Amino acid sequence: MIRDKKIPTPKYLLDLTPLKKQLSYVKIEEGKVKIGSTTTLYELSRTFLHSDVRFAGFVDVWKKFGTFAIRFSATIGGNLAAATQYSDYITLLLAYDARVKAISANGERTIPVEKLVLDKRVTSLRPDELIKEVEFDAPPESSSSSFIKFDRRELLIAGIVTGAFFLRLDQGKIQDVKVAFDMVKDKRVPARAREVENFLLGKMFSEELVNQAADEILPASMERITDWWTTAEYRLDMSKIALKRGLLKCKTRIEKGVV
């Protein structure tokens, strides 16, 4: 972005490599999943986040994220701080209701991911703050997640439409559901589709219910755009498909207990 003159040339660039050992980790502590901000996507793939069905959406993101070389250098903190609709982990972490811990010389504070990204390339981080870690409540049994990404290619894609989904069932009843997309209504960054969540919560899961949520509820809570890439109508149609596939995939994973 500096080379392309999209942002002013800064006086200084800060290299966070010296903090790598301190801020690279994935653990469960006091019922919370904690991910250090300098943890690379490859390092994530070597943890329980890629083997436990409750975190299956992390595997989905990995399969669609950039190239293998990029996965060795891209970090979870960098993906969040990029603050665009193409930051796949923002969308996924919204489905886990995740929070970011920001740290500065003046102390530490917790920011919901939903309030971290204010606009494209704009975050609520103060100039003196760094992202220390991401955390979210460890999901209970009988829950899983999924991530759906549509584009013309399989790899190195930004995504015409992306969606992340979390589902918890109890004897077929939807006890918890979270739905996030790269854009929702007037948001030009990832956000939750709360109207869809409210419609599904507490009902018995069925394919008919999911179809109704996608065909009737989602269009009222989503505003898609037309650009050089594709049309708003196509994006909306693919968003409906993403919702259907994503929730059905969550249900299958819960039932089979495998990623």
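The values are calculated or read from the model by the stated rules, or taken from the named source; none is laboratory data. This one's a predicted model, so the numbers in the text were calculated from it and none came from an experiment. Counting neighbours? That spans all protein chains shown, and the Cβs are built from the backbone with ideal geometry, glycine included.
May I ask you to say which residue of D52, D88, D97 is modelled with pLDDT under 95 and closer than 29 Å to E141 by Cα? Just a single option satisfies the conditions, and that option is D88.
For segment 69-110, residues that are among the aromatic types (F, W, Y) and not in a helix (DSSP H, G or I) total 2. Can you pull out the residues in segment 226-249 that are surrounded by fewer than 19 Cβ atoms within 10 Å (Cβ to Cβ), in a helix (DSSP H, G or I) and of a type in the set (S, T, Y)? Passing the criteria: only Y234.
Counting only residues that are over 18 Å from the mean Cα position of the chain (by Cα) and not basic (K, R), segment 111-140 holds 6 of them.
Of the residues examined, A105 is not one that is within 25 Å of I7 (Cα to Cα), among the small types (G, A, S), surrounded by fewer than 20 Cβ atoms within 10 Å (Cβ to Cβ) and not assigned by TED's automatic domain parsing to the domain that holds K178.
Each row is one residue, and each column tells you yes or no for (1) within 30 Å of G257 (Cα to Cα); (2) touching a helix residue (DSSP H, G or I) at 6+ places or on another chain (Cβ under 7 Å).
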{"position": "K101", "(1), (2)": "no, no"}
{"position": "T110", "(1), (2)": "no, no"}
{"position": "E114", "(1), (2)": "yes, yes"}
{"position": "E129", "(1), (2)": "no, no"}
{"position": "E141", "(1), (2)": "yes, no"}
{"position": "F150", "(1), (2)": "yes, yes"}
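Inside segment 163-185, can you point out the residues that are more than 14 Å from P140 (Cβ to Cβ), touching a Phe, Trp or Tyr at 6+ places or on another chain (Cβ under 7 Å) and surrounded by 24 or more Cβ atoms within 10 Å (Cβ to Cβ)? Those that are more than 14 Å from P140 (Cβ to Cβ), touching a Phe, Trp or Tyr at 6+ places or on another chain (Cβ under 7 Å) and surrounded by 24 or more Cβ atoms within 10 Å (Cβ to Cβ): G163, A164, V179.
Counted as qualifying within segment 111-225 are the strands (runs of 3 or more DSSP E) with 1 or more residues that are within 30 Å of F48 (Cβ to Cβ) and not β-branched (V, I, T), namely 130-137, 143-150, 161-170, 173-181.
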